[in-house]
Amino acid sequence: MSDATNLIQLEHVYRYYGHTCALNDVSISVGKGEVLGLLGPNGAGKSTAMQIISGNLAPSAGQVWINGIDLLDQPIAAKAGLGYLPDQPPLYRELSVDEYLQYCTRLNRIPARQQRTAIATAKERCGLTEVGRRLIGNLSKGYQQRVGIAQAIIHAPAVVILDEPTVGLDPLQMREIRALIRELRSEHSIILSTHILPEVQAVCDRVQIISAGKLVLNDSIEGLQLRMRASSLLVGLRRSPSIGELQQLPGVEAVEAVGDDSWRLHYRPEYNPAEQLALEAARRDWGLYELIPERMSLEQVFVDITRSDPTEHDEGAAA
Amino acid sequence: MIWQIAAHELRRMFLSPLAWSVLAVEQIILAYFFLIGIDNYMALQPRLAMMQGAPGITDLIVAPLLGDASIFLLFAVPMLTMRLISEERRGQTLSLLLSAPVSMTEIVLGKFLGVTAFFMILVAMIGLMPLSLLSGGTIDFGMYAAALLGVALLTASFIAVGVFMSTLTVQPAIAAVSTFGILLGLWIIDWAGADRSGEYSGLFGYLSILRHYQSLLKGVFNSSDVIYYLLFIATFIVLSIRRLDADRLQR
């Protein structure tokens, strides 16, 4: 059954394109005020999942609830609480921003009296106030993306779905769009798909990773950061001791030489020898000049997760 | 909601030069036909004056004019219906409609009515031409109305086919060519059905989109002709809705 606290709920959703299985038993849930990052390599099924949530595609099997309403049984009621920005913003280039947003308010059945304020609010939130009279086709990519987002939030939906909202933008525009998403989170639940990992760290509360149509990770950002915890130290010592001496430090599992006077110490996750090392180095005068905890980058975690799950790689897919 | 979509379609159509050029070309070509009609009538006039129960200007000018208009529409309709759905699909703007709280029926009917409204403007402009004859003569308004109704129904049927073909493809050009093909096919389908004596086969004759039009042009208001067009339009609209719905299911 649909859970009242979850604004978006997908249960055991399958989607086939012919014989290709694009989504395989995917369940997603997003709570109120939560930003979910949907991650995955290209072709993993992110966009398919988003199209299903937005009602653009019907799932082959499974159920979707938006705001507690079954999307397949009552599509119109469910879609009223939904804003969707596809990977390519659905813009009519020959219309001006104002005309376009006006049409969107009508499509979303906003009463005529409230249309003007809805447009003004959406424009203000997305920084479009200055360009209202300009033709969409003449706007830069970043502004077009903002119009796309304005379109998705104009009817103040409970759920906003953004498919790769920052793709193709320059770093400055990306930062602006991320700031906008952070601002939106206070009033909307957001699903965001991306393959830009820092973006996930910057704006999401929770992460689900899809790989080859299957959900391989569902974790909070804190949980993801735990996975990225340090398990090695990079140590620079001017007067290097022997490998044996380093290995005897408590917690150290292995030592490898990186250069003439720097070493990488691998240690057991539960025991970080950094403090002990600094003490020893001072006492025995090793000349410690560098001590860097090495963190796994999100990229590495991502690659690990999407590669290590053996169930999704059958022979056919690997070949 | 249907009206909102229809108004949007109509508006967008006038934002593109295509709609304006269709209107302009239509005015030039049909004005020329109209002048030819008047010219012929002038040449025939001395003989007509001596005939009893001679055909009037409605038979000799208005009916041929609207008959020629149908040929123009055969070319013009596919050009304007081709992009209705296929271009939205290609530009991925269709998802705006699909994720909005709007049903497929509303989308298809909205688009159909939007283009129909445009062509009704065009038909009205054609219809204005014969009215200029009132300055020097009288026209048979019953016949004139039946003929205008015929053009309107014929045009709407063309558009229904165009909408359906546009739902089938991503390429507007393919939609245009196939719409034109189907319309021309229905135009000439009764040619094959004619036997030696010139009698038409019942089925092919009934299917022919032009035959029902010709009787309306003659001023014969036969409800079976009107029903034919309404059925024709309904069929293609329902097919379009089904096709658009199927889009979500399989690709």
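The values are calculated or read from the model by the stated rules, or taken from the named source; none is laboratory data. Bear in mind that the values here come from a model prediction, so they are computed numbers and not experimental data. FYI the Cβ positions are ideal-geometry reconstructions off the backbone, even for glycines, and counts take in every protein chain you see.
Values computed for the structure shown
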| item | result |
| --- | --- |
| Strands (runs of 3 or more DSSP E) contained entirely in segment A:219-302, each with at least 1 residues that are modelled with pLDDT under 80 and under 29 Å from A:Ala202 (Cβ atoms) | A:232-237, A:288-294 |
| Pick from segment A:109-129, criterion part of a loop (DSSP other than H, G, I, E, B), on the phi < 0 side of the Ramachandran plot and not aliphatic (A, V, I, L, M), ranking: farthest from the chain's Cα centre (by Cα) | A:Pro111 |
| Matching helices (runs of 4 or more DSSP H) fully within segment B:1-97 where at least 1 residues are within 14 Å of chain A (Cβ to nearest Cβ) and acidic (Asp, Glu) | B:2-15, B:83-90 |
| Residue, surrounded by the fewest Cβ atoms within 10 Å (Cβ to Cβ), within segment A:25-83, restricted to residues that are part of a loop (DSSP other than H, G, I, E, B) and at the interface with chain B (Cβ under 9 Å from one of its Cβ atoms) | A:Ser60 |
| Residue list for segment B:98-114, restricted to those being within 14 Å of another protein chain (Cβ to nearest Cβ) and of a type in the set (Val, Ile, Thr) | B:Val102, B:Thr105, B:Ile107 |
| Meets criteria (among the small types (Gly, Ala, Ser), in the same structural domain as A:Ser193 (by TED's automatic domain parsing), surrounded by fewer than 20 Cβ atoms within 10 Å (Cβ to Cβ) and in contact with a Phe, Trp or Tyr (Cβ under 9 Å, 6 or more places away or on another chain)) for A:Gly132 | no |
| Unique match (being touching an Asp or Glu at 6+ places or on another chain (Cβ under 9 Å) and within 30 Å of A:Trp286 (Cα to Cα)) among A:Arg178, A:Arg239, A:Arg185 | A:Arg239 |
| Test: A:Pro157 is of a type outside the set (A, V, I, L, M) and surrounded by fewer than 21 Cβ atoms within 10 Å (Cβ to Cβ) | no |
| Failed condition for A:Glu124, given (1) among the charged types (D, E, K, R); (2) within 12 Å of chain B (Cβ to nearest Cβ); (3) within 25 Å of A:Ile191 (Cβ to Cβ) | (2) |
| Residue ID - nearest to the chain's Cα centre (by Cα), chosen from residues in segment A:202-218 that are assigned to a loop (DSSP other than H, G, I, E, B) and modelled with pLDDT of 85 or more | A:Cys204 |
| Hey, A:Pro90 within 14 Å of another protein chain (Cβ to nearest Cβ) and touching a residue at least 60 places away in the same chain (Cβ under 8 Å) or not | yes |
